[in-house]
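Engineer: The structure follows.
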Amino acid sequence: MSEIKLTIANEDHLEFAEEICNMMERAAAQRGTGIAKRSPLYVSAKMMEGKAVIAISNNQPVGFCYIETWGHGKYVANSGLIVHQDFRNTGLAKRIKDEIFQLSRKKYPESKIFGITTSLAVMKINSDLGYRPTTFSELTTDEDFWKGCQSCKNYDILTRTNRAHCLCTGMLYDPERQTKSTSAKLTKEERWKRFKGFLKDGADRLKGKIKLKLNNQDPKNSKKLSWLTKVKLF
């Protein structure tokens with residue numbers, strides 16, 4: 001298989017916009033589920049904005065994914081993930097998802113990143129990146145996002161359930177939750193050190209109280225307190 005170059009898309013890749021849209025439509029038809037239809041103009045705009053990742057092989061697009069923002073930047077979606085059928089099961093989808101995820105974190109470090117998908121492979125990739133399955137109610141309420149589902153053949157399910165669920169699974173990466181999780185892991189690693197510091201501070205305060213009390217009773221008692229300086233907890 002020929003070499004694959006993965007890069008952030010720009011104006012040099014505008015010529016591939018139509019073919020990328022065709023790839024999306026073919027994949028949706030083969031899968032029997034929806035990929036929100038996008039126009040070449042829309043895909044071109046994402047390239048111009050530096051909000052897309054493209055995979056090129058033999059000067060042809062073989063993979064693509066782009067960033068969308070919703071709710072005034074509160075939410076970010078990595079949308080339109082597509083891999084050419086000749087390059088599936090090669091790990092390319094994971095490479096593209098990793099790249100677009102890092103780009104999203106760089107551009108929108110405080111935003112929640114979400115996606116909806118029917119692909120078990122994408123769910124596994126998302127899970128490895130730190131996403132967790134979630135209900136649709138935790139995703140953006142931006143109407144423009146949900147309008148994008150109208151081109152999906154299963155849109156009637158979404159409307160019948162009052163947008164509570166569909167065949168897609170919702171997944172969410174919450175940077176705040178992830179930071180807390182990371183902090184918890186660090187705390188576990190450093191717990192003993194911090195606990196010792198806590199005990200030492202408490203012991204120092206206790207020594208101070210004993211010394212102050214004895215000195216208040218009789219200043220001569222200070223000579224009897226030399227043992228306090230020899231007390232070591234660790």
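The values are calculated or read from the model by the stated rules, or taken from the named source; none is laboratory data. Note that the structure is predicted; figures quoted are calculated from it, not measured. Don't worry about glycine lacking a Cβ; one is built from the backbone with ideal geometry, like all the others, and counts go over all protein chains shown. For the accessible areas, the whole protein counts, side chains as well, though only heavy atoms, and no ligand, DNA or RNA atoms are used. Shrake-Rupley method; radii C 1.70, N 1.55, O 1.52, S 1.80 Å.
Engineer: Give the number of residues within segment 77-98 that are open to solvent by less than 50 Å² (accessible area, probe 1.4 Å) and outside any helix (DSSP H, G or I). Don't jump to the end; show me each part of the working.
Structural biologist: Narrowing segment 77-98 to residues open to solvent by less than 50 Å² (accessible area, probe 1.4 Å): 77-84, 87, 91-93, 96-98.
Subset that is outside any helix (DSSP H, G or I): 77-84, 91.
Residues that pass the stated criteria total 9.
Engineer: Let me ask something additional. Which residues, counting only those in segment 151-164, are open to solvent by 80 Å² or more (accessible area, probe 1.4 Å) and free of Cβ contacts under 8 Å to residues at least 24 places away in the same chain?
Structural biologist: The initial filter retains those residues of segment 151-164 that are open to solvent by 80 Å² or more (accessible area, probe 1.4 Å), namely 153, 160, 162.
Answer for segment 151-164, where residues must be open to solvent by 80 Å² or more (accessible area, probe 1.4 Å) and free of Cβ contacts under 8 Å to residues at least 24 places away in the same chain: R160, N162.
Engineer: Would you be able to tell me the number of residues in segment 143-181 that are small (G, A, S) and modelled with pLDDT of 90 or more? Give the steps one after another, and end with the answer.
Structural biologist: Our first condition is that a residue be small (G, A, S); within segment 143-181, this holds for 148, 151, 164, 170, 181.
Checking which are modelled with pLDDT of 90 or more leaves us with 170.
The qualifying residues number 1.
Engineer: Condition check: among the basic types (K, R) and within 19 Å of the chain's Cα centre (by Cα). Does R132 satisfy that?
Structural biologist: On the way: among the basic types (K, R): yes; within 19 Å of the chain's Cα centre (by Cα): yes.
In short, yes.
Engineer: Now, a different point. Could you tell me whether any residue of segment 125-137 is over 29 Å from V62 (Cα atoms) and either free of Cβ contacts under 8 Å to residues at least 24 places away in the same chain or surrounded by 12 or more Cβ atoms within 10 Å (Cβ to Cβ) (or both)? Spell out the reasoning first.
Structural biologist: Here is the first cut: in segment 125-137, the residues over 29 Å from V62 (Cα atoms) are 134-137.
Okay, now just the ones that are also either free of Cβ contacts under 8 Å to residues at least 24 places away in the same chain or surrounded by 12 or more Cβ atoms within 10 Å (Cβ to Cβ) (or both), so 134, 136.
Within segment 125-137, one or more residues are over 29 Å from V62 (Cα atoms) and either free of Cβ contacts under 8 Å to residues at least 24 places away in the same chain or surrounded by 12 or more Cβ atoms within 10 Å (Cβ to Cβ) (or both).
Engineer: List every residue pair whose Cβ atoms lie under 7 Å apart, where the two residues are 6 or more positions apart in sequence or sit on different chains, the first residue falls within segment 78-93 and is farther than 14 Å from R26 by Cα and of a type in the set (V, I, T), and the second residue, located anywhere, is modelled with pLDDT of 95 or more and loosely packed, with under 14 Cβ neighbours inside 10 Å.
Structural biologist: Qualifying pairs under 7 Å: none.
Engineer: Any residue at all in segment 104-114 that is modelled with pLDDT under 90 and surrounded by 18 or more Cβ atoms within 10 Å (Cβ to Cβ)?
Structural biologist: Going through segment 104-114, the residues modelled with pLDDT under 90 turn out to be none.
There is no residue in segment 104-114 that is modelled with pLDDT under 90 and surrounded by 18 or more Cβ atoms within 10 Å (Cβ to Cβ).
Engineer: Yes or no: segment 110-118 includes at least one residue that is touching a residue at least 40 places away in the same chain (Cβ under 8 Å), more than 19 Å from E18 (Cβ to Cβ) and in a helix (DSSP H, G or I). Step through it out loud before you land on a result.
Structural biologist: Kept after step one, since they are touching a residue at least 40 places away in the same chain (Cβ under 8 Å), are these residues of segment 110-118: 110-118.
With more than 19 Å from E18 (Cβ to Cβ) added as a condition, the list becomes 110-118.
When the remaining residues are screened for being in a helix (DSSP H, G or I), the result is none.
No, the conditions are met nowhere in segment 110-118.
Engineer: Okay, moving on. Does any residue of segment 8-26 turn out to be among the small types (G, A, S) and touching an Asp or Glu at 6+ places or on another chain (Cβ under 6 Å)? I'd like the intermediate steps shown before the answer.
Structural biologist: Step one: of segment 8-26, the residues among the small types (G, A, S) are 9, 17.
Still in the running and touching an Asp or Glu at 6+ places or on another chain (Cβ under 6 Å): none.
No, that holds for no residue.
Engineer: Among what's in segment 44-70 and is part of a strand (DSSP E or B) and open to solvent by 30 Å² or more (accessible area, probe 1.4 Å), pick the residue that is farthest from I82 (Cα to Cα).
Structural biologist: In the first step, residues of segment 44-70 are kept if they are part of a strand (DSSP E or B); the result is 52-57, 60-70.
Filter once more, so that each one left must be open to solvent by 30 Å² or more (accessible area, probe 1.4 Å): 60, 69.
Values: Q60: 14, T69: 19 Å.
So, considering only residues that are part of a strand (DSSP E or B) and open to solvent by 30 Å² or more (accessible area, probe 1.4 Å), the one farthest from I82 (Cα to Cα) is T69.
Engineer: Taking the condition among the aliphatic types (A, V, I, L, M) and surrounded by fewer than 14 Cβ atoms within 10 Å (Cβ to Cβ), does L167 pass?
Structural biologist: Details: among the aliphatic types (A, V, I, L, M): yes; surrounded by fewer than 14 Cβ atoms within 10 Å (Cβ to Cβ): no.
So L167 fails the test.
Engineer: Scan segment 10-28 and report the pairs whose first residue is without any contact (Cβ under 8 Å) to a residue 40 or more places away in the chain and whose second residue is open to solvent by 60 Å² or more (accessible area, probe 1.4 Å) and among the hydrophobic types (A, V, I, L, M, F, W, C), with Cβ atoms within less than 9 Å and a gap of 6+ or a chain change.
Structural biologist: Every condition considered, the pairs that remain are E11/M48; L14/M48; A17/L41.
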